[in-house]
Protein chains: 2
Amino acid sequence: MRFALCAILAGVFCMSAFSDEGMWLLNEPPKERLKQKYNFDLTDDWLEHARLASVRFNNGGSGSFVSKNGLIITNHHIGSDALQKLSNPSRNLLRDGFLANKMADELKCPDLELNVLQEIVDVTAEVNKAVKPGATPAEANAARRSAIAAIEKDSLEKTKLRSDVVTLYQGGAYHLYKYKKYVDVRLVFAPESAIAGFGGDVDNFEFPRFNLDICFFRVYENGNPVLVKHWLKFSPEGVKEGDLVFVTGHPGTTNRLETLAKLRHRRDETLPYSLARLRTLEAAFHQYGETGPDERMQVTTDLHRVANARKAFSGQYQGLLTPSILQAKADAEKELGSKLRDKDLEAYQNALEKVASIQKEWKQIEREYYFFERGDAFTSELFTIARHLVRLSVEVPKPNGERLREYRDSALDSLKLGLFSPAPIYLPLERTKLVTSLSFLCEQLGSEHPITRVILDGKSPTQLAEELVSKTKIYEVEERKKLFEGGAKAIAESKDPFVLLVLRLEKALLRKGKTDKEQSLRLLFEETIEEPERQAFGELSRFRFQVLGKTIAPDATFTLRLAYGTVSGYQVDGKDVSWRTTYAGVFERATKMGHREPFELPERWKKADKKIDLEAPFNFASTSDTIGGNSGSPVLNRAGEFVGINFDRNRHGLVRNFVYTDVQARHISVHSKGILAALKLYNCPELEKELLDNK
Amino acid sequence: MRFALCAILAGVFCMSAFSDEGMWLLNEPPKERLKQKYNFDLTDDWLEHARLASVRFNNGGSGSFVSKNGLIITNHHIGSDALQKLSNPSRNLLRDGFLANKMADELKCPDLELNVLQEIVDVTAEVNKAVKPGATPAEANAARRSAIAAIEKDSLEKTKLRSDVVTLYQGGAYHLYKYKKYVDVRLVFAPESAIAGFGGDVDNFEFPRFNLDICFFRVYENGNPVLVKHWLKFSPEGVKEGDLVFVTGHPGTTNRLETLAKLRHRRDETLPYSLARLRTLEAAFHQYGETGPDERMQVTTDLHRVANARKAFSGQYQGLLTPSILQAKADAEKELGSKLRDKDLEAYQNALEKVASIQKEWKQIEREYYFFERGDAFTSELFTIARHLVRLSVEVPKPNGERLREYRDSALDSLKLGLFSPAPIYLPLERTKLVTSLSFLCEQLGSEHPITRVILDGKSPTQLAEELVSKTKIYEVEERKKLFEGGAKAIAESKDPFVLLVLRLEKALLRKGKTDKEQSLRLLFEETIEEPERQAFGELSRFRFQVLGKTIAPDATFTLRLAYGTVSGYQVDGKDVSWRTTYAGVFERATKMGHREPFELPERWKKADKKIDLEAPFNFASTSDTIGGNSGSPVLNRAGEFVGINFDRNRHGLVRNFVYTDVQARHISVHSKGILAALKLYNCPELEKELLDNK
C-alpha cells in the first residue's frame, strides 16, 4: 500500500527513472532512461524503422506493417468497423471471419484511412509568434487558428503529405506531423469475433485473457500492393517473462498533466455526464441487437464501442474517487510551486487559478456544448453527414485560415472519404439512435430548454426521429454529393428534414458575444474555454520544463508514441497472476463458463484442442505505458522485431489516464508465437509464409 | 389520430361510459357503467366471490385461488423472487422449473406473505377529523399519522387481520383495508424461465407474445393446506374475441389524477433521475450475471426487475414528452375550473397553485430524499436490514401513533418476516450493488456533498463497499435477531460496519427544522411535501367529486381493484394484430430468432410441437385497465370463472400511468385453455385434476 502510493505520487509528479512511465514523442525519445534502466541503446535507426513500420488507423487505432508487400496487422476490434461495413445479411464477416486465399480476393474497405508518420517538425515558436502580446482571447484564437491552418496548408502543398499541427502539453508545444496516407485498404484475414473478442464485456479490461484480437489488411496504391521499405520482422518465438519490450502506437487521450481543478471538474461534471450517456446508448444498442440477427450485425461495433468506453470511464471515475490519487496531484502541484520563486511563483499560481476559473465557466456551457456542438443530442450518422454538408457550404468559401479546423484545406480529403462513403446506413438503427439521444437530451437539459424546443419543433423525440428517418434522402451517396457540390444554394433549397434540422439548430446556437456580434456556441467555446486554457497550460508547461526539464512525456494526443516496459505478471490479493496465458486456458475457460455467449467458441475452435499447441503462449502482460488508441500497436523486442500486438489493459490500468503505476497495471497483447499457433486452424499457408518471409 | 386524441382527452378529464377505463374500488364498483355498456349485472355476490378469491402477493403482484385446497396461481415473474430464494448452486429452480408430485414435496418459501382482502371501511372522516383546522403542516402530519396508526391498531386487535389505512385520490379519501394474511406459502409448480419469460427484455411490453408466465403456490396453516370457500373455477375453454372480461388485482401506481405541475415535475425531475438510476443498476447487474452461472442465478430477479422498470419508465417518459398528452391535462384542468364559481373557483386554483409550489420545494430535496431516505445510495439488502434494525431500536419504544409508518404495531409482523428471512444473501452481489449505488450517488450529488462525505468516510465507493461486505456479520439471521432483541443498547455497542454506517448517516440527516429543533430528512419530507400535497389533493378531489361525482376511479395504490374490458386485437401501421397467439407461433418465433437466448426454448419444449395442440390459444389481449402490480391477476368471465392470467401490457399501454386509451393499448394474459395445453408437457395429472375439479 505504501509502495503503491509512492508509485502514484511519483507518477503525478515526475517520471522516476525506475518506472516505465511515458508515452514518448518519437522526436524526444527516452534514450537516457532506457540506457540507465535497461542498458539499451535507442538508436535513431531503430526509431526510424519503428516509426515507418507503425501505422495509424484513422478510425481510432494502431497497427504495423508485417511484410514488405504492405501487409498490416491490427486488432480485430479496430478492424471491426470495416468488417461490419463489408458485411450484409448474407455475409456476416464480423461473426464468421474472413480469409482471402489470394490477393484478388482481398476486400476493399469503403472508407478506411491509414497514416504513416514521415516527419515531425517543432512549430511552437511559429504558432505562438502569431499571437500578439496583449491579444484578447478572441484575437489569440483567430490568430492561432490561422497560423496553424497556414502551416498545414503550406506543408500539404509542398509535400503532398497529410499535415496536422498537434497541440502538445495541453498548449505547451506545437508540432507538425506529416503522414503518408493510404485510402485503398483491403481486408486479408479476420478470425471469428467469438475468438477475437472471447469473453466479451465480461473479460474486457481483465487478465488472464484469451483473445485472438488480430486482423490483417493490405494497403494498395494504383491497384497494386504497396511495397514498403520498413516493416517489422515477425518473431516466431516472441517474448518471455522479464524481456524488455517496446510499444509504438497512437494512444488517444491521457490527463496526467491536467491540474487538480481540471481533474475535479472531470470527476464532478464530465465523467458523470459521459457515464450516463454511455449507459443510455449501451442499453438502447443492446436492446436493438437482441431484436434479430441482422440487427445484431448492424449494431455490433457501436455496442462494443460504448460498452468498452463505459467500462474504461467507470475505471477512471473510480480512480478520481480514490482520495489518494487527487491528494497526490495536490501534493505535486505544491511541490512544483515550492521550487519557484517570486514572479515565477506568482505566475505559476495565477496559471493554476486561471485553469480553475475556466472550469467554472466551462461548467456553464459544457452540456450544451456536448449536445449541440459535439452532437450528443443526435447520435446518428445521418445527422453528422447533414451537419458537415451544411457547414461545408458555409466554411469552404471562407479563407483557409478562418475556417473551423475540420474544414481547413489540409483536412478536406479525409473528411470527404467518410462523407461519401458507400458503407451502408441502417435506417431502423438510425431511428433508435435518434430516439435515444434526443430523449437523453430531454433528460439532461429538459424538454423545455430553448434549444431543445427548437430541435423538437413541437414533437416528441419518437415523433421527430420517425419524421427524420422516413423522409430523408441523404442515406444515398449521390444525394450527399449533390448537396455538397451545390454548396450554399443547394443547402438553402433543400427540403431534407436533416438539413432543415441542422439549419434550425445552427441558428438557435447563435448568441450575442462579448462584442455584441452574434457568435456560435463553437466560437464561444474556443474563445472562452479552449484558447485561455491553452495559454494557461502553456504557462504551466514552461515552469514544469524549467524545474524538471523534459522528463515528463506529454499527454496522449492520438499521435505516434513510444512506450516501453517489462513482460511480467503481478499479484492480486496475494496470489500470483502469470505473465501469460496459453491455449489450454481458453478451452478451460469456455468449459467453466458453460460454453455460453460470450464464452462460446467458434465451431472451428470447439475441437481445435487436438490441432493446436495447447502450451503455446496466447496473451501476455507487460508494464509498458499504453491507453485506448494503442489498440493494435505492435510490441517490439530489442531487435525491433514484432513479438506481439497490444489489444487491451487490465482493470488496474484503468487509472492510467491520470497516473501511471506498475504495481498491478498491465497492458495485454497477443503473443506472436500464439498468433502463428492459431493460424494453423485457418488453413492459410500463404499468410503464414508471408509473415515468416524475413527477406 | 383524431380519435386517439379524443380518447386521451376523455381519459384525462372523465371516464366516458364508452371507454373501459378504470381501476375500480371494490366498494365503489362501476355497476351502472357495466350495465349500460355490456348489459352486465355486477352483483354483490359476484364481487364478494371475486374479492375473496383474489390474492395479493405482498412482494408486488397479484394472484388467485384456483382450487378449494388453497392452490394459487400467479405469474412466474411474481413467483421468481421465491424461486430464486429456494435455489442454490445445485438446484436452479428459476432456470429449470419445479413440480411437486405430491403435497409433501411442495417447497416452503422463506419470506412470502400473501393477503386476501376481507373488508373495506371508509375512515375518511375519522382521519380528517384528527387534523384540527388551522393546524400547521407539522401538526397535521403528526395528527394524521397518529389517527391512522390508532385505527389500524384497533382493527388489528379486534380482528387479528392485517389492517392498512390506504390513502385514495392522493388524499381525497382514506379507507381501512383488512386482510387475511398467509405466511406459510409453498411452491407447487413453475415452468422453466425460458418459456415463462420467452423473448426476455426484447418481447417485454410487446404483443404478439408467447409466455407461459405462470406459477402455482399453495397456502398452508398449521401445517395443512388451507381450505378456502372462495376460489375461481378454471374454465377449460377460456375466452374468445369480443368477450367481456374482468381483472381483479392490485395495480401498483398510476398518476392520472395528478396535476399538470406534478406531471411536469415527473417529466423534468423524477423520471430522468429514475431512468439514470435504473440503467446504472441494469448495466451492473447484467455484467455481474455474465461472470458465471451461479452469479446469473443470484442476480436474475434483480435484473428482470430493473430491466422491466427501465422499459416501463421509458414508455412513461416518452408519454410525457408527447405534447398532446400534457396539453390534454392542461385542457382538463381548465375545463373543470370552468364549472366552478367564485370561492370554489378560487379555492380550486389555489389548490392547483399549491401543488405547483410544492413541486418546487420537492425539487430542492428530492434526490437527497431518494439517496439517503429511500436508500438509493445503498442498493443492498444488508443496508436495508441494518437500517431497519437501527430504526426499530429507536421507533419501537415510542408510542404507536408517533412512530414512522413502517414501524407501527400493525406492520411489525410483516416487517419481521423479511428481516429474519433465511433467504440467502450473496456477498459478492452485495458488493457490486454497493459499489454501483455509491458511485451513482457520487455521480448525481457529487462526491463532496456533505452527506456523501460522511458516508464515504474518506474512502472511495469501492473501498467502502469492500470494507462493509468483508467485515459485516448481519448476513446471519442470528446476528440480526441478537441486534433486534438487544434494542438500543445492542445497536449502540455494535461494531458491525453496516450499523456504524447507518448510525453516521442518520446523524448526518438531522437538520434544523422550522422550529429550530433538529429534524430528520424524513420528517422534513412528510411535513413540507407529503402532508401539504395530501391536503391540496384533498381539495382538488372535493371539487372533482362536486362536478363529476365518483365517475373517476382513484389512482392505483397496490390495493384490490376491479377492471373490465373486451378481448380484442388492434391495428399497428394499418395492419391487424390478432387478439391471440397460438402455440404454433412460439415455435415459429424461436426459429426466426435463431433459437438464441432469450428465444431459446427449454429442452422439454424443443420437440413439443408433436405433443401440444398447436392451435390452442397461448396469450391474448384485452382492453381492461391494468398497470404494474396487476401481474398475476386473474382474468374472469361473466360467470366469474378463471379464463386467463394477466402478465403484461403492450408498449402502447405504457402511457397508462397518465391516460387510458383503448386504441392500441392492451393488457396481455395467458389463456386458460393454453395453460391446460401446456401442462400436458409437464406430466402433472394431479395438478390438472385439481384445476378442473369444480366441485
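Report, by residue number, each residue of segment A:388-410 that is under 22 Å from the mean Cα position of the chain (by Cα) and within 19 Å of A:LEU483 (Cβ to Cβ).
If the condition is that a residue be under 22 Å from the mean Cα position of the chain (by Cα) and within 19 Å of A:LEU483 (Cβ to Cβ), then A:HIS388, A:LEU404, A:GLU406, A:TYR407 are the ones that fit.
Considering only residues that are among the hydrophobic types (A, V, I, L, M, F, W, C) and buried (at least 21 other Cβ atoms within 10 Å of the Cβ), which ones fall in segment A:493-520?
Within segment A:493-520, A:PHE498, A:VAL499, A:LEU501, A:VAL502, A:LEU505 qualify.
Any chance segment A:591-608 includes a residue that's in contact (Cβ under 8 Å) with a residue 24 or more places away in the chain and among the polar types (S, T, N, Q)?
no
On the basis of being surrounded by 15 or more Cβ atoms within 10 Å (Cβ to Cβ) and more than 16 Å from B:PHE498 (Cβ to Cβ), does B:GLU443 make the cut?
yes
What helices (runs of 4 or more DSSP H) lie completely within segment B:477-542 and have 2 or more residues being farther than 15 Å from B:ILE451 by Cβ?
B:477-493, B:497-508
Residue-wise test of (1) over 21 Å from A:ILE78 (Cβ atoms); (2) in contact with a Phe, Trp or Tyr (Cβ under 9 Å, 6 or more places away or on another chain).
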residue	(1), (2)
A:SER624	no, yes
A:GLY629	no, yes
A:VAL635	no, yes
A:ARG638	yes, yes
A:GLU641	yes, yes
A:ILE645	no, no
A:ASN650	no, yes
A:LEU654	no, yes
A:PHE658	yes, no
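Looking at A:ALA190, A:ALA194, A:ALA261, which is the one that is away from chain B (no Cβ under 12 Å), farther than 30 Å from B:LEU441 by Cα and open to solvent by 10 Å² or more (accessible area, probe 1.4 Å)?
The match here is A:ALA194.
In segment B:598-622, which residues are within 27 Å of the chain's Cα centre (by Cα) and open to solvent by 10 Å² or more (accessible area, probe 1.4 Å)?
Residue satisfying the conditions is B:PRO598 alone.
Quick check on segment A:398-435: of everything there that is open to solvent by 20 Å² or more (accessible area, probe 1.4 Å) and hydroxyl-bearing (Ser, Thr, Tyr), which residue is nearest to the other protein chains (Cβ to nearest Cβ)?
Of everything passing the filter in segment A:398-435, A:THR432 is nearest to the other protein chains (Cβ to nearest Cβ).
Checking the condition part of a helix (DSSP H, G or I), within 25 Å of the chain's Cα centre (by Cα) and within 14 Å of another protein chain (Cβ to nearest Cβ), which residue from B:PHE313, B:PHE372, B:PHE383 passes?
B:PHE313
Would a scan of segment B:33-53 turn up a residue that is more than 13 Å from the chain's Cα centre (by Cα), within 21 Å of B:SER414 (Cβ to Cβ) and not in a helix (DSSP H, G or I)?
no
Regarding segment A:421-428, can at least one residue be identified that is polar (S, T, N, Q) and assigned to a helix (DSSP H, G or I)?
No, segment A:421-428 contains no residue that is polar (S, T, N, Q) and assigned to a helix (DSSP H, G or I).
Residue check, A:GLY171 against (1) at negative phi; (2) open to solvent by less than 20 Å² (accessible area, probe 1.4 Å); (3) more than 14 Å from every other protein chain (Cβ to nearest Cβ), all met but one. Which one?
Unmet for A:GLY171, out of (1) at negative phi; (2) open to solvent by less than 20 Å² (accessible area, probe 1.4 Å); (3) more than 14 Å from every other protein chain (Cβ to nearest Cβ): (1).
Working only within segment A:381-397, note down all residues that are open to solvent by 20 Å² or more (accessible area, probe 1.4 Å) and closer than 27 Å to A:THR300 by Cβ.
Within segment A:381-397, A:GLU381, A:THR384, A:HIS388 qualify.
Considering only segment A:403-413, I want to know if a residue exists there that is more than 25 Å from A:ALA284 (Cα to Cα), among the hydroxyl-bearing types (Ser, Thr, Tyr) and part of a helix (DSSP H, G or I).
Among the residues of segment A:403-413, at least one is more than 25 Å from A:ALA284 (Cα to Cα), among the hydroxyl-bearing types (Ser, Thr, Tyr) and part of a helix (DSSP H, G or I), which makes the answer yes.
Within segment A:582-639, count every residue that is assigned to a helix (DSSP H, G or I) and away from chain B (no Cβ under 14 Å).
Count: 12.
If you go through segment A:65-87 one residue at a time, do you hit one that is part of a helix (DSSP H, G or I) and farther than 23 Å from A:LEU114 by Cβ?
no
So that you can scan it fast, the table gives a plain yes or no per residue for (1) open to solvent by 10 Å² or more (accessible area, probe 1.4 Å); (2) farther than 24 Å from B:ASP648 by Cβ; (3) polar (S, T, N, Q):
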| site | (1), (2), (3) |
| --- | --- |
| B:ARG51 | yes, no, no |
| B:SER54 | no, no, yes |
| B:ASN59 | yes, no, yes |
| B:GLY63 | no, no, no |
| B:LEU71 | no, no, no |
| B:THR74 | no, no, yes |
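Does any residue of segment A:561-582 turn out to be aromatic (Phe, Trp, Tyr), crowded, with 22+ Cβ neighbours inside 10 Å, in contact with a strand residue (DSSP E or B) (Cβ under 8 Å, 6 or more places away or on another chain) and over 30 Å from A:GLY172 (Cα atoms)?
Among the residues of segment A:561-582, at least one is aromatic (Phe, Trp, Tyr), crowded, with 22+ Cβ neighbours inside 10 Å, in contact with a strand residue (DSSP E or B) (Cβ under 8 Å, 6 or more places away or on another chain) and over 30 Å from A:GLY172 (Cα atoms), which makes the answer yes.
Could you tell me how many of the residues in segment A:268-310 are facing chain B (nearest Cβ under 7 Å), more than 19 Å from the chain's Cα centre (by Cα) and closer than 27 Å to B:SER460 by Cβ?
Adding up the residues that qualify gives 6.
What are the pairs, 6+ residues apart or on separate chains, where a residue within segment B:39-50 that is more than 11 Å from B:LEU636 (Cβ to Cβ) has its Cβ under 6 Å from a residue that is surrounded by fewer than 16 Cβ atoms within 10 Å (Cβ to Cβ) and at pLDDT 95 or above?
B:LEU42/B:LYS31
Taking the options A:ARG638, A:ARG656, A:ARG651, name whichever one is open to solvent by less than 20 Å² (accessible area, probe 1.4 Å), in contact (Cβ under 8 Å) with a residue 40 or more places away in the chain and among the basic types (Lys, Arg).
Step by step, each of A:ARG638, A:ARG656, A:ARG651 is checked, and only A:ARG656 is open to solvent by less than 20 Å² (accessible area, probe 1.4 Å), in contact (Cβ under 8 Å) with a residue 40 or more places away in the chain and among the basic types (Lys, Arg).
Anything in segment A:234-254 that is part of a loop (DSSP other than H, G, I, E, B), buried (at least 20 other Cβ atoms within 10 Å of the Cβ) and not hydrophobic (A, V, I, L, M, F, W, C)? List them, or say none.
A:SER235, A:GLY238, A:HIS250, A:PRO251, A:THR254
Within segment A:193-207, can you find the residues that are of a type in the set (Phe, Trp, Tyr) and part of a helix (DSSP H, G or I)?
Listed by number, the list is empty, since nothing qualifies.
Condition check: within 14 Å of chain A (Cβ to nearest Cβ), outside any helix (DSSP H, G or I), open to solvent by 20 Å² or more (accessible area, probe 1.4 Å) and farther than 30 Å from B:ASN115 by Cβ. Does B:GLU466 satisfy that?
Answer is no for this residue.
The values are calculated or read from the model by the stated rules, or taken from the named source; none is laboratory data. In this text the structure is predicted, and so the values were computed from the model without any measurement. Heads up, the Cβs are rebuilt from the backbone with ideal geometry, glycines too, and the neighbour counts pull from every protein chain shown. Accessible surface areas use protein heavy atoms only, side chains included; no ligands, DNA or RNA. Shrake-Rupley method; radii C 1.70, N 1.55, O 1.52, S 1.80 Å.
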